[in-house]
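What follows is a single structure, written as structure tokens, with notes after it.
The values are calculated or read from the model by the stated rules, or taken from the named source; none is laboratory data. Not measured: the values here are computed from a predicted model. Cβ atoms come from the backbone with ideal geometry, glycine included; neighbour counts cover every protein chain shown. Ligands, DNA and RNA are excluded from the accessible area calculation, which covers all protein heavy atoms including side chains. Shrake-Rupley method; radii C 1.70, N 1.55, O 1.52, S 1.80 Å.
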Amino acid sequence: MNAIQSEKISPIEENLAAVAEVEAGIRDFVRGDVANLRRPGGLPSTTDTALEPSTEVSVNNISSLIERLAGPSLTEIGSLISELESMREMLHAEGQRVQREISGYGQLSQAAMKSTRMIADSVSEWKRAADGLRSG
């Protein structure tokens, strides 16, 4: 089992290899750029035409490598953003529902208090009437 596990490349190792490849490409590109800047401006170079295509290839390689590395991350970020937006909408709808429920409970509570007062008033009237019959 150890032999099978050691043959598999983990995503972290894969990403590290890709990062190292990007860094190497960037280093090569920068070295080529710096070499062009160090040449005296008045002296024509015979390798100027040869460097332009290789520089273009380096730029294309770096661009495609960055796109390859950033693609899954951008896709994941996009899906997270859409998930967060849907959660926001759901939370907003739930907040409105809770507000309606609280309002309904408030109205129910007020109605219960009025009913309780009416019952208490009726019971006190009955008590007074019963006390009046006993004493009279």
Inset, instruction - Obtain the radius of gyration and the Kirkwood radius of segment 53-136 from its C-alpha atoms and give Rg over Rh. - result: 1.79
Inset, instruction - Keeping all protein chains in place, calculate the accessible area per residue for segment 86-136 (probe 1.4 angstrom), answer in Å². - result: 94
Inset, instruction - Compute the FRET efficiency between residue 30 and residue 85 as 1/(1 + (r/R0)^6), taking r as their Cβ-Cβ distance and R0 = 41 Å, and round to the nearest 0.05. - result: 0.55
